[in-house]
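For reference, the structure is listed below as structure tokens.
The values are calculated or read from the model by the stated rules, or taken from the named source; none is laboratory data. Because the structure is predicted, anything quoted here is derived from the model rather than measured. Note that each Cβ is placed from the backbone with ideal geometry, even for glycine, and that neighbours are counted across all protein chains shown. Just so you know, the surface numbers come from the protein's heavy atoms only, side chains and all, with ligands and any DNA or RNA stripped out. Shrake-Rupley method; radii C 1.70, N 1.55, O 1.52, S 1.80 Å.
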Amino acid sequence: DAESLQKGDWIVHQRYGVGEVRAIDQKKLAGKERKYFRVKTQKGATYWLPINKKPDYIRFISPRSKIEKTLKLISQEPEPLPKNYKSRNAYIAEELSEADIYTKGSVIRDLYARGSNEDVNLTVIDTRRLDKLKEQLLREMVVALDIDMNEAGAMLDKALEKSISFIH
């Protein structure tokens, strides 16, 4: 639960991505005085997380072993996504309703594979989603593996290229 979070902990927010718990603040929101964790993202944005519960869209940063397992998953043969964009959007939204790193990795792999197909173009929504998911994973890799963005990008690119070798 959220009470186990401490200043200095790194977390992943489903929407905002990787952030560090910087402080505990007393804030009055919607007429209620409460304690909140102040979280600063790697991009510099700040948000407040209620202390009383850890929402299911927040998780601790993945350990090295989970990152490595995610990269291995990404390097496997991609699964086909629904051809119809509405069905695909609904499917991906459902898949990403959890902040799980493995699910995020498989969606990255499958969207990337779809975009690498010469007969198919990614929609604007698919492209934005893929870019955002890749950036979130890269930022988590930077913190978890203590590497820079270039190194993380090279590792992800290698896994993605291996995955599309199954279909080309």
Original post:
Can you tell me how many residues in segment 50-82 are open to solvent by 80 Å² or more (accessible area, probe 1.4 Å) and at pLDDT 90 or above?
Top reply: 8
**OP:** Could you list all residues from segment 98-120 that are among the polar types (S, T, N, Q) and either open to solvent by 60 Å² or more (accessible area, probe 1.4 Å) or in contact (Cβ under 8 Å) with a residue 40 or more places away in the chain (or both)?
**Re:** Ser116, Asn117
Original post:
Can you name the residue in segment 28-47 that is assigned to a strand (DSSP E or B) and open to solvent by 100 Å² or more (accessible area, probe 1.4 Å) and, of all such residues, is nearest to Ser97 (Cα to Cα)?
Top reply: Lys35
**OP:** Mind listing whichever residues of segment 140-154 are closer than 16 Å to Pro63 by Cβ and open to solvent by 60 Å² or more (accessible area, probe 1.4 Å)?
**Re:** Asp146
Subject >> Number of the exception - Glu161 against (1) of a type outside the set (A, V, I, L, M, F, W, C); (2) out of contact with any helix residue (DSSP H, G or I) (no Cβ under 6 Å at 6 or more places or on another chain); (3) closer than 23 Å to Glu20 by Cα >> reply: (3)
